[in-house]
1. Quick one: what are the phi-derived ³J(HN,Hα) couplings along segment 352-363, Karplus 6.51/-1.76/1.60 with θ = phi - 60°, whole Hz, x for glycine and proline?
2. So what is the relative contact order of segment 278-409, in percent, for Cα pairs below 8 Å that sit 6 or more residues apart?
3. From the mean inverse distance of alpha carbon pairs (Kirkwood) and the Cα radius of gyration, derive Rg over Rh for segment 232-365.
4. Once R0 is set to 30 Å, what does the formula 1/(1 + (r/R0)^6) return for the Cβ-Cβ distance between ASN193 and GLU142, expressed as a FRET efficiency to the nearest 0.05?
5. Sort the following peptides by mean Cβ neighbour count (other Cβ atoms within 10 Å, averaged over residues), highest first: 197-205, 245-253.
6. Which value in nm describes the separation of the simple spin-label points at LYS330 and GLU258, placed 7 Å from the Cα toward the beta carbon?
7. If r is the Cβ-Cβ distance from LEU384 to ILE347 and R0 is 45 Å, what FRET efficiency results, to the nearest 0.05?
8. Please report the net charge: other residues with Cβ closer than 15 Å to the Cβ of GLU296, K and R +1, D and E -1.
Amino acid sequence: MKFFENIFSVKNIYTTDKQNFICKKKKVITILGIKISFGVKINFDYRYIANIERQINFLLYEVQRLSSSISDQKYPPPSPNGKFIPNKCILLSYQYWKCGKHGAANLGDHIQTIAVKKQLEKLFPDFNFEYFDREKIKYYDEESAFTIMQGWFDFEKYSYHNFQRNGKLIPIFIGTHYTEKAQDVILDFLNSNPFYFNDYIIGCRDKYTCEFFRNIGINSYFSRCLTLTLPKREIKNTQNKVFLVDIPKNFYKYIPSEILNNAVVINQKQYKSGMSDLYYLNSNEEFINDANNLLEKYKNEAKLIITTALHCASPCTAMGIPVVVINQNKDDRRYEVLDNIIKVYSIDELKKGQINFEPKAPDIEDLKIAMQKNLKLTIEDTFLHNVNQEELNNIRNTIENYKTYKYLL
């Protein structure tokens with residue numbers, strides 16, 4: 001057999017480029033003992049392997065769902081007195097595929113989770129916390145718990161598993177954003193499940209999501225984003241740096257040279273660090289740690305933040321850092337979370353030199369108090385049903401109609 005292979009054979013040899021996380025194919029032709037080899041263009045990268053793994057995981061979760069006791073009841077079995085708040089909270093975690101050499105994470109996702117955890121620890125110090133993948137929350141099947149649906153939700157048609165509730169995990173909608181694609185999925189889902197949201201009031205991160213639910217007759221309100229509740233920083237002499245966070249290089253020419261020359265560049269939405277797994281970027285725990293370190297860096301070193309990242313602008317405003325935020329897409333309404341708090345600039349205003357690069361950080365401590373009360377009372381109302389509804393509605397109206405001193409003038 002070996003003899004004939006040396007006379008003539010054709011083989012495909014696959015090699016792994018671990019540095020760039022891709023696979024390559026090399027064709028080797030042997031003619032009369034002479035080997036001729038040539039490389040073939042990249043045959044596939046790990047994103048395809050990861051996608052197959054994701055589909056397999058989905059099927060496994062479907063099997064688990066069908067074989068377990070998961071039901072569509074709203075509340076877990078009642079305690080002896082019929083009124084209780086589970087002391088376990090599920091915090092949303094995120095996985096990022098490597099997708100070849102371009103794999104990157106958005107630390108803004110983790111900053112939202114950090115903000116939720118900080119507030120819950122303050123309001124309910126006895127709570128226990130566990131992280132669970134946002135994409136699989138329907139399949140949580142452990143002890144009774146709840147989760148705050150603070151985040152960005154986008155899913156394909158028929159992927160209802162990304163938002164359906166089950167009998168073990170109770171969703172509490174505060175700081176929730178649904179994309180246009182997600183809204184289409186919800187509309188399709190409601191055709192066969194018209195009463196699905198009847199027991200909920202949806203706290204929306206932006207007016208865009210809020211208007212969607214109101215227009216289809218579902219109770220909702222503008223809750224803003226819990227990253228606005230991060231504690232205000234103390235003034236230090238180390239706070240002397242300008243940070244450009246997710247600012248495209250073609251924007252640099254519109255930024256004053258005295259600001260640009262000494263600025264520190266940060267990629268928060270395309271964050272890359274150590275890769276600790278074959279298909280995924282590093283673990284949720286590592287990303288939470290990296291996001292916390294970045295927030296500490298902003299808090300202790302920044303005198304000015306210039307950014308296109310919503311979840312840099314929002315937490316930094318809460319910490320009392322002057323922020324210039326630029327919305328790269330005039331149709332992107334996610335930035336409404338900052339309405340009447342700080343100015344959100346457009347690209348046209350940047351190009352026309354209409355940006356104030358010496359902003360003052362607004363004092364929003366009264367807004368934080370209202371948002372903290374809303375979080376506490378909403379949780380209590382979900383489980384105990386003993387909350388003064390007039391008080392809760394007044395708090396929500398305060399959040400929705402809030403204006404800083406500048407916007408009251």
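1. The phi angles translate into 8, x, 9, 9, 8, 8, 10, x, 9, 6, x, 8 Hz.
2. Rounded, it is 19 percent for segment 278-409.
3. We get a ratio of 0.98 for segment 232-365.
4. The computed FRET efficiency comes out at 0.75.
5. Top to bottom by mean Cβ count within 10 Å: 197-205, 245-253.
6. So the two model labels end up 3.2 nm from each other.
7. So the FRET efficiency works out to roughly 0.40.
8. The answer is +4.
Every read-out reported here was derived from the displayed coordinates using simple, explicitly stated rules and does not represent laboratory data. In this text, all values refer to a predicted model and were calculated from it rather than measured experimentally. Cβ atoms come from the backbone with ideal geometry, glycine included; neighbour counts cover every protein chain shown.
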